[in-house]
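A.B. asks: What follows is a single structure, and I will ask about it in a moment.
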Number of protein chains: 2
Amino acid sequence: MARGGGLAGHTLLLLLLAAAAAAAVTGAEVDVELVRPARTEPESEAEAAAAAAQHLLPRPLVIELPSSSSAAAAAARGGDEHEPGPDADGVPPDVRCASWRLAAEANNLAPWKAVPPECAAHVRDYVTGAAYRSDLDLVARESAAYARAAATTLGGDGRDAWVFDVDETLLSNIPYYADHGYGLELFDHHKFDEWVERGEAPAIPSSLKLYNEVRDLGFKIFLLTGRTEGHRGVTVDNLNRQGFHDWDKLVLRAAEDRKKTATVYKSEKRKEMEEEGYRILGNSGDQWSDLLGSSMSARSFKLPNPMYYIP
Amino acid sequence: MARGGGLAGHTLLLLLLAAAAAAAVTGAEVDVELVRPARTEPESEAEAAAAAAQHLLPRPLVIELPSSSSAAAAAARGGDEHEPGPDADGVPPDVRCASWRLAAEANNLAPWKAVPPECAAHVRDYVTGAAYRSDLDLVARESAAYARAAATTLGGDGRDAWVFDVDETLLSNIPYYADHGYGLELFDHHKFDEWVERGEAPAIPSSLKLYNEVRDLGFKIFLLTGRTEGHRGVTVDNLNRQGFHDWDKLVLRAAEDRKKTATVYKSEKRKEMEEEGYRILGNSGDQWSDLLGSSMSARSFKLPNPMYYIP
């Protein structure tokens with residue numbers, strides 16, 4: 001009761017906040033386009049905030065701050081843009097870029113559209129080196145340990161489910177991003193779609209192992225991706241060729257989902273799963289928008305991804 | 001409607017899960033005591049899961065896995081316990097320990113009671129070196145950028161609030177942990193209380209700067225800590241001596257809160273703030289249990305802390 005009243009007030013507040021924030025940045029050099037809200041035209045921030053508020057999001061406030069005043073970019077920036085040196089505090093560039101990456105993984109950053117230029121080499125070295133693989137492996141092992149513990153208690157009615165995102169969770173787009181600065185370039189829908197349509201994204205090995213183990217434990221497997229229905233065929237083929245088989249649902253964005261943020265779209269789809277009687281016990285994704293929102297999983301696993309951000 | 005039904009089912013399921021998980025680990029060498037659920041005797045996992053489920057937690061399932069099968073410990077472990085070398089995959093110990101730390105910050109780990117022995121040096125070097133300070137600084141700068149954007153829209157009715165945790169958020173207990181292996185030793189309530197009662201915890205500099213800026217922007221400042229009412233006096237003195245002044249509430253654990261997890265206790269206190277008409281726009285804490293649960297802030301900031309975990 002008090003809860004309902006509080007929510008209505010919250011929604012109004014968030015609308016005001018979003019409107020004022022949009023106004024506040026008008027004078028600055030800022031592109032207010034949201035980061036990949038869908039693959040079509042961006043929705044307004046006010047719409048996003050309103051939609052988000054209705055879903056009890058932990059982080060409904062999508063304010064795109066001007067790049068020139070971004071704390072993250074400032075933190076990452078060295079004395080010289082092309083040859084970064086220690087900042088005024090004497091913190092080496094690699095330490096500052098590790099801080100930026102950690103902040104992204106802990107969901108501390110404002111929405112961002114590209115890797116800060118000063119951290120391009122750091123991100124490249126990370127995703128092509130041992131650390132990214134090690135990070136992926138550990139998350140998969142933690143996920144499997146939880147899945148095994150949870151599996152001892154499955155209802156036996158075939159209603160226990162695990163949700164997997166696809167891109168950077170089951171399949172890797174590193175070959176694409178290698179040709180586009182590992183997140184340094186602004187996202188290009190058209191070029192990325194061409195890559196998706198080739199159907200050549202490799203499996204993330206630790207995720208394939210986890211996928212098979214979760215399936216063999218008796219969970220229903222629901223794939224929930226921001227890819228659109230038009231890419232169903234190529235996505236199925238790509239997944240199959242990479243060893244992913246026997247999922248129970250593959251949910252892609254329909255036409256009516258295209259303007260929704262990933263958080264809203266995925267929350268709605270999880271709600272539909274719950275309404276069908278499924279219990280979502282695990283959820284694996286590389287974006288916080290795969291995991292947060294409403295109808296959240298009993299436990300979620302955030303795979304690393306310093307290359308792009310989806311709200 | 002459908003939502004209410006789903007919730008009831010979920011609560012039952014979580015109870016079953018918690019019970020089965022407790023049973024599953026019976027044969028192993030495992031201490032099922034929860035990590036610092038309060039400063040008194042631990043509640044049962046079933047109680048914790050039930051309480052958590054009522055609060056719509058993103059991660060209500062508190063299963064303590066046996067240390068011997070812990071994925072995190074295994075991931076961190078080298079060939080030789082005292083002189084760790086690369087594991088079977090050739091991943092160096094420091095990379096594996098960075099993965100463990102990242103997984104903790106991204107809320108991917110099962111509840112843990114101490115830093116894995118193999119990562120003791122890694123954690124010590126991290127918290128005493130430039131990286132921890134850089135990570136804290138970046139989170140504070142992101143928080144301040146958000147606070148400034150949000151402040152342009154304050155309601156003007158004195159009801160916009162920012163919640164701060166105290167330990168490892170405003171005040172640092174590094175001097176205590178330096179004497180106790182930086183999280184390698186199991187938490188000792190008695191010794192830690194003695195340290196708290198000295199009132200000598202230093203300010204985290206970036207947090208003090210953020211605190212003053214948030215206060216000067218016009219937010220109400222609510223301090224919400226797991227410390228108990230018995231420590232009110234010493235906490236006030238410690239905060240004042242370190243430069244923290246003029247907060248609007250300091251909420252400590254009352255006797256009836258002692259058995260609650262931090263997530264439940266802090267969610268309840270945030271709910272009370274909302275019921276008093278406050279809008280929680282920002283929340284800063286070093287534990288996910290400071291930030292998750294119900295009545296969550298519009299936006300949350302997770303400060304780094306690889307030394308201990310509080311459910």
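A.B. asks: Relative contact order, percent, of region A:108-191 when contacts are C-alpha pairs under 8 Å separated by at least 6 residues? Please list the in-between numbers first.
C.D. replies: On the way: 27 pairs, mean separation 48.9, N = 84.
Relative contact order of region A:108-191: 58 percent.
A.B. asks: Give me the percent relative contact order of region B:205-310, please, defined on Cα pairs under 8 angstrom at least 6 residues apart.
C.D. replies: Numbers: 116 pairs, mean separation 22.0, N = 106.
Relative contact order comes out at 21 percent.
A.B. asks: Same structure again: What is the average number of partner chain Cβ atoms found within 10 Å of a Cβ in B:290-300? Each step should come with its number before you reach the end.
C.D. replies: Working: counts 0, 2, 3, 1, 2, 3, 6, 3, 12, 10, 5.
Per residue, the number of nearby Cβ atoms from other chains is 4 on average.
A.B. asks: Probe radius 1.4 Å, ligands and nucleic acids left out: which of A:180, B:190 has the largest accessible area, and how do the rest follow?
C.D. replies: B:190, A:180
A.B. asks: Return the value, in Å² to the nearest 100, of accessible area buried between chains A and B (probe 1.4 Å, both sides summed). Could you put the intermediate results ahead of the total?
C.D. replies: Details: alone 14220 and 14270 Å², together 23230 Å².
Adding both sides of the contact gives about 5300 Å².
A.B. asks: How large is the convex hull of the C-alpha atoms of region A:94-163 per residue, in Å³? Spell out each step's value before the answer.
C.D. replies: On the way: hull volume 9.1 nm³, N = 70.
It comes to 130 Å³ per residue, whole-number rounded.
A.B. asks: Magnitude of the Cβ-charge dipole of region A:134-302, K/R +1 and D/E -1, about the Cα centre, nearest 20 debye?
C.D. replies: Working: 23 positive and 30 negative charges, 87 e Å.
In total the dipole reaches around 420 debye.
A.B. asks: Another question, if that's okay. What residues qualify as long-range amide H neighbours of residue A:279, i.e. H under 5 Å apart, gap of 5 or more or another chain, H built at 1.01 Å from N?
C.D. replies: So residue A:279 has HN proximity to A:160, A:161.
A.B. asks: Further question: Hey, what D do you get for region A:125-210 in µm²/s if you plug the Kirkwood alpha-carbon radius into Stokes-Einstein at 20 °C and 1.002 mPa s?
C.D. replies: Values: Rh = 15.0 Å.
The estimated diffusion coefficient comes to 142 µm²/s.
A.B. asks: Distances from residue B:158 to the same position in the other copies: list them in nm, one decimal, shortest first, using label points 7 Å from Cα along Cα→Cβ.
C.D. replies: Once sorted, the set of distances for residue B:158 reads 6.1 nm.
A.B. asks: In sequence order, what are the phi-derived ³J(HN,Hα) couplings for region B:126-136 according to the Karplus relation 6.51 cos²θ - 1.76 cosθ + 1.60 with θ = phi - 60°, rounded to whole Hz, with x for glycine and proline?
C.D. replies: Per-residue couplings from phi come out as 5, 6, 9, x, 6, 5, 4, 4, 5, 5, 4 Hz.
A.B. asks: May I ask you to evaluate 6.51 cos²θ - 1.76 cosθ + 1.60, the Karplus curve with θ = phi - 60°, for each residue of region B:204-216 and list the ³J(HN,Hα) values in order in whole Hz, giving x for glycine and proline?
C.D. replies: These are the phi-based 3J(HN,Hα) values: 7, x, 5, 6, 5, 5, 4, 4, 5, 5, 4, 5, 5 Hz.
A.B. asks: For region A:83-213, what is the accessible area per residue in Å² when the probe is 1.4 Å? Provide the component values of the computation, followed by the final result.
C.D. replies: Details: 4740 Å² over 131 residues.
Value returned for region A:83-213: 36 Å² of accessible area per residue.
A.B. asks: Would you mind calculating the relative contact order of region B:125-302 from Cα pairs under 8 angstrom and at least 6 residues apart, reporting the percent as a whole number? Before the final figure, lay out each step's value.
C.D. replies: Details: 237 pairs, mean separation 48.6, N = 178.
Taking the mean separation of contacting Cα pairs over the length of region B:125-302, I get 27 percent.
A.B. asks: Modelled label-to-label distance, residue B:255 and residue A:276, 7 Å Cα→beta-carbon offset: nm?
C.D. replies: So the label points at residue B:255 and residue A:276 sit 5.2 nm apart.
A.B. asks: Then there is this: Where does the charge balance sit around residue A:199 when Lys and Arg score +1, Asp and Glu -1, over other residues with C-beta under 10 Å from its C-beta?
C.D. replies: Working: positive: A:198, A:241; negative: A:197, A:200, A:237.
Once all neighbours under 10 Å are counted, the net charge is -1.
A.B. asks: With every protein chain kept in the model, how would you rank A:137, B:216 by accessible area, 1.4 Å probe, largest at the top?
C.D. replies: On the way: A:137 35, B:216 115 Å².
From most accessible down to least: B:216, A:137.
A.B. asks: For region B:110-115, just list the computed ³J(HN,Hα) in residue order, Karplus coefficients 6.51, -1.76 and 1.60, θ = phi - 60°, integers in Hz, with x standing in for Gly and Pro.
C.D. replies: 5, x, 10, 9, 7, 4
A.B. asks: Give the Cα extents of region B:125-302 along the principal axes, in whole Å, largest first.
C.D. replies: Over region B:125-302, Cα extents along the principal axes are 46, 40, 28 Å.
A.B. asks: Oh, and also: With all protein chains present and a 1.4 Å probe, how do A:286, A:188 order by accessible area, largest first?
C.D. replies: Details: A:286 5, A:188 50 Å².
Sorted by accessible area, descending: A:188, A:286.
A.B. asks: May I ask which of A:260/B:209; A:302/B:249; A:269/B:113; B:209/B:266; A:271/B:113; A:220/B:271 have a Cα-Cα span longer than 32 Å here? Numbers along the way, then the final one.
C.D. replies: Working: A:260/B:209 37 Å; A:302/B:249 34 Å; A:269/B:113 36 Å; B:209/B:266 24 Å; A:271/B:113 34 Å; A:220/B:271 35 Å.
In this structure, A:260/B:209; A:302/B:249; A:269/B:113; A:271/B:113; A:220/B:271 lie more than 32 Å apart at Cα.
A.B. asks: Taking 45 Å as R0, compute the FRET efficiency from the Cβ-Cβ separation of residue A:212 and residue B:216 and round it to 0.05. Don't skip to the end; give the middle numbers.
C.D. replies: Details: r = 55 Å, r/R0 = 1.22.
Given R0 = 45 Å and the Cβ-Cβ separation, E is 0.25.
A.B. asks: If we count every other residue with Cβ under 11 angstrom of residue B:267's Cβ, Lys/Arg +1 and Asp/Glu -1, where does the sum land?
C.D. replies: Working: positive: B:260, B:266, B:269, B:270, B:271; negative: B:268, B:272, B:274, B:290.
Net local charge, residue B:267 excluded: +1.
A.B. asks: I would also like to ask the following. With every protein chain left in place and a probe of 1.4 Å, what is the accessible surface of residue B:248, to the nearest 10 Å²?
C.D. replies: The value for residue B:248 is about 80 Å².
A.B. asks: Bin width 5 Å, origin at 0, all Cα-Cα pairs of region A:180-262: what percent of pairs per bin?
C.D. replies: The percentages, shortest bin first, are 3, 13, 19, 23, 19, 15, 6, 2, 0.
A.B. asks: Okay, moving on. How big is the antiparallel share of DSSP beta bridges in region B:125-302, given as a percent to the nearest 5? Write down the numbers at each step before the final one.
C.D. replies: Numbers: 1 of 19 bridges.
Antiparallel bridges make up about 5 percent of those DSSP assigns within region B:125-302.
A.B. asks: Between the label point of residue A:129 and that of the same position in each other copy, find the distances and list them shortest first in nm, with every label point placed 7 Å from Cα along the Cα-to-C-beta direction.
C.D. replies: 1.2
The values are calculated or read from the model by the stated rules, or taken from the named source; none is laboratory data. Everything numeric here is computed off the predicted structure, so don't read it as measured data. Here Cβ is always computed from backbone atoms with ideal geometry, including for glycine, and neighbour counts include all displayed protein chains. Protein only, heavy atoms only, side chains kept; ligands, DNA and RNA dropped before computing areas. Shrake-Rupley method; radii C 1.70, N 1.55, O 1.52, S 1.80 Å.
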